[in-house]
1. What about A:Ser389, is it at pLDDT below 90, hydroxyl-bearing (Ser, Thr, Tyr) and in the same structural domain as A:Phe296 (by TED's automatic domain parsing)?
2. Could you list, in sequence order, the residues of the range B:313-347 that are closer than 13 Å to B:Cys370 by Cβ, touching a residue at least 12 places away in the same chain (Cβ under 8 Å) and either surrounded by fewer than 22 Cβ atoms within 10 Å (Cβ to Cβ) or of a type in the set (Val, Ile, Thr) (or both)?
3. Can you tell me which residue within the range A:9-24, out of those that are surrounded by fewer than 19 Cβ atoms within 10 Å (Cβ to Cβ) and facing chain B (nearest Cβ under 8 Å), is farthest from the chain's Cα centre (by Cα)?
4. If I go through the range B:25-51 residue by residue, how many of them are more than 24 Å from the chain's Cα centre (by Cα) and of a type in the set (A, V, I, L, M, F, W, C)?
5. Quick check on my filter: what residues within the range A:287-296 are touching a helix residue (DSSP H, G or I) at 6+ places or on another chain (Cβ under 8 Å), at the interface with another protein chain (Cβ under 7 Å from one of its Cβ atoms) and surrounded by fewer than 24 Cβ atoms within 10 Å (Cβ to Cβ)?
6. Could you tell me which residue of the range B:257-276 is farthest from the other protein chains (Cβ to nearest Cβ), considering only residues that are out of contact with any Ser or Thr (no Cβ under 6 Å at 6 or more places or on another chain) and crowded, with 24+ Cβ neighbours inside 10 Å?
7. Scanning for something in contact with a Gly (Cβ under 8 Å, 6 or more places away or on another chain) and not β-branched (Val, Ile, Thr), does the range A:190-208 turn up at least one residue?
8. Just a yes or no: is a residue in the range B:336-346 touching a strand residue (DSSP E or B) at 6+ places or on another chain (Cβ under 6 Å) and more than 15 Å from B:Thr270 (Cα to Cα)?
2 protein chains.
Amino acid sequence: MKMVAEIITVGDEILAGSILDTNAHWLTQELVTLNIPVLRRHTISDDKEEIVYALNTLSEKTDIVIFTGGLGPTRDDITKKTITEYFGGKLIFSESLYAEIKEKLSHRSKNFPISNREQAFIPDNAILLSNPLGTAAGLFFQDKNREIYLLPGVPEEMKAIFNTAIRPRLLQKFGEKNKVLVFKTTGIMESEIVDRIDEGLQNFSEIKVGYYPSVLGVTLKFLIKEKDILNVEPRLKEFLYHHLGDDIYAEEDIDISEVIARELKNREWTLSVAESCTGGLISHRLTEIPGISAVFREGIVSYSNEAKMRLLGISEEMLKRYGAVSEKTVIDMARGVRERAGTDTAISISGIAGPEGGTPEKPVGTVWMCAITPNQEKTCCIFFNKNRSLNKLYASQAALNLLRKLLI
Amino acid sequence: MKMVAEIITVGDEILAGSILDTNAHWLTQELVTLNIPVLRRHTISDDKEEIVYALNTLSEKTDIVIFTGGLGPTRDDITKKTITEYFGGKLIFSESLYAEIKEKLSHRSKNFPISNREQAFIPDNAILLSNPLGTAAGLFFQDKNREIYLLPGVPEEMKAIFNTAIRPRLLQKFGEKNKVLVFKTTGIMESEIVDRIDEGLQNFSEIKVGYYPSVLGVTLKFLIKEKDILNVEPRLKEFLYHHLGDDIYAEEDIDISEVIARELKNREWTLSVAESCTGGLISHRLTEIPGISAVFREGIVSYSNEAKMRLLGISEEMLKRYGAVSEKTVIDMARGVRERAGTDTAISISGIAGPEGGTPEKPVGTVWMCAITPNQEKTCCIFFNKNRSLNKLYASQAALNLLRKLLI
């Protein structure tokens, strides 16, 4: 059965411009991955008339409607009441839910907020979807051939209810359990990936593929039906690694820093970083990973040439002869920081982030980088023609990727 | 005249989950600031039926409709054609626009893409809104009492056309030119700001205020009518600085790093940074600012205690006695990096980012920081109880703010 969805975000704070709506984007990706196209998305205010309008103007094609927002305890959260009445039901006080909410809030404050009592009223025409993280339960209304889901607006709670209650239900609707495979790539453009795998993917008629490009790389998602998993999954993996090889850096939704952290921990190797153009971004990204202190020792942001000399031991003659943005300099930077910090591995990078500082030989965006492990040393020069901030981000990713490839 | 808006985003790539729609959020903030509430937002696909549906289901209250997306040269961008025909017009080839597009593309490639020729067809029932950055012009349709604007989906082009052609037009509709004042604050919660100024703002009946909280602080926006500017603006500024003082760090939409860069340049002072828990984020944020190399010399990410000793001169005894997260240590870190780098000013920071590493005396989120200028030295301890990533971001902002306050 082919299903089509609409997503409706309810929230005055979004229409006031105070909050960027990331819920609809997340739900879209999840639904598309489940092979459920999203026909339309809407954002409306916490207003009875507006909610009724949204329900009245749903497309005839739509089988699944997901509302987010408007389930909190504040007065203007009237989504639950309006939708319950729209489908001919009424709200009934649930002693057991009330006890559960009180229990959940007991450790937060001594005075139980009276407004949370509202959350214990539940529709007599809906199924409750338990909220593992908060007090606002999700709701499921069955309306003839259409399924209506209500989720809270807090992103973590919305995701938790979707993951535990809605995704399994939607997968069941297909009459089988599907599996989603994720492959994260970096250092390779979407068009290049298409060139390499699109034709071969024709041999996998059982799967559905999604490409999700971002600044840091392209994520591939494959939906495989339950009955095909045993047969398809090993073949697909073999096919992908054959054509994309080590451009794939993870089979789950994690940052490349985390892959590096894991590989270093496995080997009990330590890391130091010497950055110029990225200005601390590489160290910052590495230190986003919990437990990185077990492997990451120090970072040097050697912005001035004087700092490159004093902190990394680069010679003045080298800087004069080859310039700060050169292969020789990044090699000496990586060797310098590795030796002084006494680490097993090191990354270095030097480039022209822009908008000033470019020359005809070395235009803005020229970046040299180097990675060292106990048994390898590799350099790379890449040219990024974006703005300063994007150049830094691309450059940090390329440098992290250079080290990663030496670790696998 | 009170106006109400709807925003319609057209784009299959958004409904495929490939792109996060930030255009609608930006337009919402701009419209709200212009005193034009946004009633609803919609995202629909590049499909004739869907565009017609969106036009047919507009609210009766809506005076202004802004479409974004679907004006590019690719085949599926049919917004222009559909809307032109919906309002009874037709597309006519414009030689002059074609010449202009060719001129704009001439430096990009030698082969003029045939698909760009489509962009030279313009409606005979709309006004062209010139695009200073790209080839897809904006369009303005007047439909009885309703104004319909079409903007391209590329964010920079969408913003440029809005800023140059639409905002002035909408301001004119009020019969007067309004002014928007922006005040960026940090280190102070929204509720605290409300407590300090909400009552006093009642004396400014001529203005409309908007609060926009984010992780890095609260932005205040005030809309003042033209006739009130001379009278209100100086009074309002005096009132705000009286109650918020140096918690206001800018009167334009810039990062606190840029304020620091400007103040340092004015004084011809240089800066170095020694970071532990923020792991390079402070240096990264400073180096986002073009031209920062004139003042920023180096950053030390002293993650290990060994690095703190070797790179900053912290004594082992000090670390043993007071710990790495202590006032004494951050003072020595700031003094150490300042002296070694030979800079006029310095920032240091050390804390427990989490999720591990906390103790009862120093729980996860405890952060000590220090800022030094040639004539002042100041420390500060703040406790952040968010996740690792947010703790880093809050901590970097607090440390930058500590230095900023010494520079004003």
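1. Yes; evaluated as a whole, the condition is true for this residue.
2. B:Ile314, B:Val325, B:Ser326, B:Glu327, B:Thr329, B:Val330, B:Ile331, B:Arg335, B:Val337, B:Thr345, B:Ile347
3. A:Ala16
4. Matching residues across the range B:25-51 total 2.
5. Answer for the range A:287-296, where residues must be touching a helix residue (DSSP H, G or I) at 6+ places or on another chain (Cβ under 8 Å), at the interface with another protein chain (Cβ under 7 Å from one of its Cβ atoms) and surrounded by fewer than 24 Cβ atoms within 10 Å (Cβ to Cβ): A:Glu288, A:Pro290, A:Gly291.
6. B:Ile260
7. no
8. No, the range B:336-346 has no match at all.
The values are calculated or read from the model by the stated rules, or taken from the named source; none is laboratory data. It should be emphasised that the depicted structure is a prediction, and the values quoted were computed from it without experimental measurement. Neighbour counts run over all protein chains shown; Cβ positions are idealised from the backbone, glycine included.
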